[in-house]
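Read through the structure below, which is laid out as structure tokens, and then see the notes.
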Amino acid sequence: MKHLLVLILLFIPFIKAFSLNNTFNDEGKINVIVIGAHPDDADGSTGGTAIKFAELGHNVLFVSLTNGDAGHQSMGGGVLAKRRRTEAEEAAKRFGVKYVVLENHDGELLPTLELRKDVIRLIREWNADIVIGPRPNDYHPDHRNTATVIQDAAYLVIVPNVVTDTPPLKKNPVFLYTQDRFQKPYPFQPDIAIDISDVFDKKIYGMAAHESQYFDWLPWTVGIEAPTGEKERLKWLSSNRERVIAPSVRQSLIKWYGEETGAKVTQAEAFEICEYGTRPSDEEIKRLFPMIK
């Protein structure tokens, strides 16, 4: 009996991670899953777009493939993992999304077969129309391996004889890469650009839920200190996260929003279409991103 109790306790995090109880089939609803390596990755890359989807009544899931138990200068292990899960739960409320944090160690993520199966299950359970994640060229090995495992899951999500415990999707989702600054082997291509100017402050507020990262760890890595007051912190984070819109992103905004509106956008999130998923037409993109007007 004692050994059985130990086994149950060991598997509680796994059960929690996959207790989505969601296979969305709501007609007219778009199901988006954003997969990052750490609890806060999805928030920073796609938070504004997620808010837009949520405000329109669509379904968004943020996923962290690690528990973030290494990302701090003065704490780590289970204590940090618990703190970061709590931060992710608060961020989910602020963004209007759901958040899943898997129990893989930060800094040790590998694109294993088991992790691929986990990602396939999550994409299928969410009945995803859109899957968003990082590109495979990145400074952090966890980010690179997250991209690899997402690519490996693409297409296989529709194969019935793969991960047979979860029903396959009827159609391969659109897989998208998030914007980054890396130039090799090739620079990011903004196939889709979303105007988040009117929800940028909400995005910053959502990101600020990850206090251990944005106000402790990341400032420490570059030798600076963040403010301590809540208002000062939000203002400081906003000024640090404002992104100058690159000419290529500006052209994408103009394509999707028109010359007049696209030229006025002050904050945007851009995405590159991955060739491994469904290759959407412009009309399909407009349907999948109804905030584009």
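The values are calculated or read from the model by the stated rules, or taken from the named source; none is laboratory data. Since the structure is predicted, the reported quantities are computational estimates derived from the model, not experimental observations. With ideal geometry, Cβ positions are generated from the backbone for all residues, glycine too; neighbour counts draw on all protein chains shown. Remember, those area values only see protein heavy atoms, side chains included, never the ligands or the DNA or RNA. Shrake-Rupley method; radii C 1.70, N 1.55, O 1.52, S 1.80 Å.
Taking 51, 158, 224 as the candidate residues, the one with maximal mean-square fluctuation in a Gaussian network model of the chain, Cα springs under 10 Å, is 224.
GNM on the chain, C-alpha springs below 10 Å: top fluctuator among 206, 71, 57? Ranking 206, 71, 57 by mean-square fluctuation puts 57 first.
If one computes the Cα centroid of segment 245-286 and of segment 72-111, what distance in Å separates the two points? Cα centroid to Cα centroid, the span is 30 Å.
In terms of its Cα atoms, the chain spans 69, 50, 38 Å along the principal axes, sorted from long to short. Taking amide H atoms as placed 1.01 Å from N in the peptide plane, the amide H of residue 191 lies under 5 Å from those of 271, 272, 273, each 5 or more residues away in sequence or on another chain.
Within segment 179-219, name every residue whose backbone N is under 16 Å away from a label modeled 7 Å from Cα of residue 240 along the Cβ vector. What the label zone holds, given the 16 Å backbone N cut-off, is 204-219. Ligands, DNA and RNA excluded, the heavy atoms of residue 55 present near 110 Å² of accessible surface to a 1.4 Å solvent probe. With springs connecting C-alpha atoms under 10 Å apart, model the chain as a Gaussian network and identify which of 243, 144, 181 has the largest mean-square fluctuation. Fluctuation is largest for 181.
How long is the gain from residue 221 to residue 284 if the chain were fully straight, where each residue apart is worth 0.36 nm and the alpha carbon distance is subtracted?
In short, 18.5 nm is gained.
Exposure check, 1.4 Å probe, all protein chains in place: residue 62 carries approximately 0 Å² of accessible surface. Pairs exceeding a 19 Å alpha-carbon distance, out of 52/286; 184/264; 202/235; 29/202; 117/170: 184/264; 29/202.
Set the Cα radius of gyration of segment 142-291 against 2.2 N^0.38 Å, with N its number of residues, and you get 1.26. Show which aspartates and glutamates lie in cross-link reach of residue 98 when reach means a straight Cα distance below 18 angstrom and same-chain residues fewer than eight apart are skipped. The reachable aspartates and glutamates, counting only those whose Cα sits under 18 Å from residue 98, are 26, 40, 41, 43, 55, 87, 89, 90, 118, 125, 129.
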